[in-house]
1. So, A:Leu119, is that one within 18 Å of A:Thr51 (Cβ to Cβ), touching a His at 6+ places or on another chain (Cβ under 9 Å) and buried (at least 16 other Cβ atoms within 10 Å of the Cβ) or not?
2. Test B:Arg96 against the stated conditions and say whether it is touching a Cys at 6+ places or on another chain (Cβ under 9 Å) and either surrounded by fewer than 23 Cβ atoms within 10 Å (Cβ to Cβ) or facing chain A (nearest Cβ under 10 Å) (or both).
3. Any residue in the range A:139-168 that is in the same structural domain as A:Leu66 (by TED's automatic domain parsing) sitting within a Cβ distance under 6 Å of a residue that is of a type in the set (S, T, N, Q) and buried (at least 24 other Cβ atoms within 10 Å of the Cβ)? List the pairs, counting only those 6 or more apart or interchain.
4. Residue by residue through the range A:20-49, note down the ones that are surrounded by fewer than 12 Cβ atoms within 10 Å (Cβ to Cβ) and of a type in the set (Val, Ile, Thr).
5. For a quick check of your reading of the model, give me the residue pairs whose first member lies in the range B:189-202 and is in contact (Cβ under 8 Å) with a residue 24 or more places away in the chain and in a helix (DSSP H, G or I), whose second is among the polar types (S, T, N, Q) and surrounded by fewer than 18 Cβ atoms within 10 Å (Cβ to Cβ), with beta-carbon atoms closer than 8 Å and at least 6 apart or on different chains.
6. So which residues in the range B:110-139 are more than 12 Å from every other protein chain (Cβ to nearest Cβ), touching a Ser or Thr at 6+ places or on another chain (Cβ under 9 Å) and crowded, with 19+ Cβ neighbours inside 10 Å, if there are any at all?
7. Could you please give the count of residues in the range A:266-281 that are within 24 Å of the chain's Cα centre (by Cα) and either of a type in the set (Val, Ile, Thr) or within 14 Å of chain B (Cβ to nearest Cβ) (or both)?
8. Only one of A:Asp284, A:Asp228 is more than 14 Å from every other protein chain (Cβ to nearest Cβ) and not aromatic (Phe, Trp, Tyr); which?
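The values are calculated or read from the model by the stated rules, or taken from the named source; none is laboratory data. Since we're looking at a predicted model, the values are computed, not measured. In this analysis, Cβ positions are derived from the backbone assuming ideal geometry, glycine residues included, and neighbour counts consider all displayed protein chains.
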Amino acid sequence: MLEQLNSLLWEILDDHLTVAEASWLQEQGNATPLELMTAFVAAPRFLAKRTTKPTVAQNIELNEILEGFSVEDWGIVRLGRVWLLSCLDSTHREEYCRHIETLFDTAEMNELVALYSALPLLAYPDQWLFRATDAVRSNMGVVYEAIALRNPYPYHHFSELAWNQLVLKGIFNDKPLHLIYGLEERSNEKLVLTLSDFAHERWAAGRWVAPQVWRLATRFLNETLLDDMKHLFESSSEYDQQAAALVCYHSNHEPALQLLANYPHLQKVVNTHHITWANLEFSDLNTYVSKP
Amino acid sequence: MCQNHKEFEQNPSHFEESEEVVSQTDLSWESHRSLIEGMRFFDPHIHMVSRTTDDYEAMRDAGIVALIEPAFWVGQPRTGLSTFKDYFSSLVGWERFRSSQFGIKHYCTIGLNSREANNEPLAEQVMEILPLYLYKEGVVGVGEIGFDDQTAAEEKYYRLQLELAKKAKLPVQIHTPHRDKKRGTERSMAIALEHGIDPSWVIVDHNNEETVKSVLDQGFWAAFTIYPFTKMSNERMVKIVDQYGPERIMVNSAADWGISDPLAIPKTAVLMKLNGILDEAIRLVTYQNAIDAFAKSGQIDVNDFENGLTIDQSQKFNGNTILRGGQEPDAKKKNTLLIK
């Protein structure tokens, strides 16, 4: 897998690099570990600030090799750094891990973004679990996003507790949840109960929560959550109402379907797929201030 | 730039009629800040780790669009390598992020400060990790380094760091000592020249009336710190710009954990304006010269802040952070009793 990824990432890079940039980067990829690490740090001195746009075919291929992984809209420096990491010789575990740890320990913000983006590509995945949960604790927005969004590492390796923290922090900070790989699949009863408590606190403060968060509740409706759905159906926000309708529709939970039947117009738009979760996937919400 | 100086002569300022600069006791910042409306400022020396979000808001509001945070002594002597490492990391990490939340572009210089150079066993270890930081994005120099007590250890690490700067092709930001300043400044410059460093790559900081001439004559950049009591006052600064012109002179606040003022630059700009210093000269000493000096690092792209730093929505963070829950940095909010 890693070899395929390494060459595909290079192919994407090569489409975007000047001849001088490409030759510098290629040389560093073949260099000794210490030189490679220095190149990882110094990359912005040699690579321009440009954004990468992989082709549709490249995106498909990337997803086939490593589902959920995406380099869409990455800067060249970030992609170059991740590619460099994929060149690092991992034969000797101790040495390999020491090098990566050093990069983490001394990283500035954009280096952290590259390191966390690269987690699904690194050897010895268990080794990086603490780092990964630490990124969720980070209050630097871009660092959180590097681990949480379009990154399959948490889905495969996080415990339920760590997963729930990742999702809750995303909700708390209005992150685009739909970009979390495996969001609905890893939803669980505990997460949904916490979400309900959280929503109640928000409502008590005269605030609200992003409508799409309720998709987490679909498989876990109980009395409390059903009450929450009633609250949403009665909300003045159309999006809240649609969210409640979608949850009920997808739940296959008899009391929820009965509740939905009380709102024939909403029942119709979800039954006919005129409204799907995709309609509620907002990327720039501020639930502390205004409704969308 | 010499032409600018001639312009000063052609446009006699207030000084030629009176020895005193404008210095009414009722000069208030609020009633004069409109004089610099629309001006942009660059503070090439300020220690934001010691400052609050109120300061960031006030700075942005006063027109400061970018700053340089030199690595310095944090007041409490460090006892281990890890605290140095975490400090350097915060200069390129957390503090850079914090600044971005207020729309101010944050750069830094990295170095072993002169005070802590005296702890030789620790200094040795710090020297080993410096290269890991010097090549980082947004690191615009080696600094602040130089002399404090002017000990042998200080000289040793000053020299070693000059070599690092040469290798990394970075400017040098020199801290000149509080005590025995004149001799310390001369010695710092002589050593830099001895190491073959081009003086146009060296910013000599904390100058005063006694040091400035020699610094400029030898081709170095002369930085002035507007800092109450121990360094320059901005009234004296106005006289210096009037006397020497704006070439290779820059003003900074060096605001830190002591009584200091993060608005030192905009306030000095107001005072220069009141005293008839030309707008172009003000622009040079409060903005452009610092950019020209530190841009030699290749790490400053004025497009990043020239028209205001866009606060990237994706970087906003509402959690346990500075801008919680949809907050917008806004100094005017302070006048209301309501905290929402």
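1. In short, no.
2. Spelling it out, B:Arg96 is indeed touching a Cys at 6+ places or on another chain (Cβ under 9 Å) and either surrounded by fewer than 23 Cβ atoms within 10 Å (Cβ to Cβ) or facing chain A (nearest Cβ under 10 Å) (or both).
3. As it stands, the answer is A:Ala146/A:Ser117, since those pairs meet every condition given.
4. A:Thr32
5. Matching pairs, first to second residue: B:Met189/B:Ser214; B:Met189/B:Gln218; B:Leu193/B:Gln218.
6. Passing the criteria: B:Ser114, B:Ala117, B:Leu122.
7. The total comes to 2.
8. Of the residues listed, the single one that is more than 14 Å from every other protein chain (Cβ to nearest Cβ) and not aromatic (Phe, Trp, Tyr) is A:Asp228.
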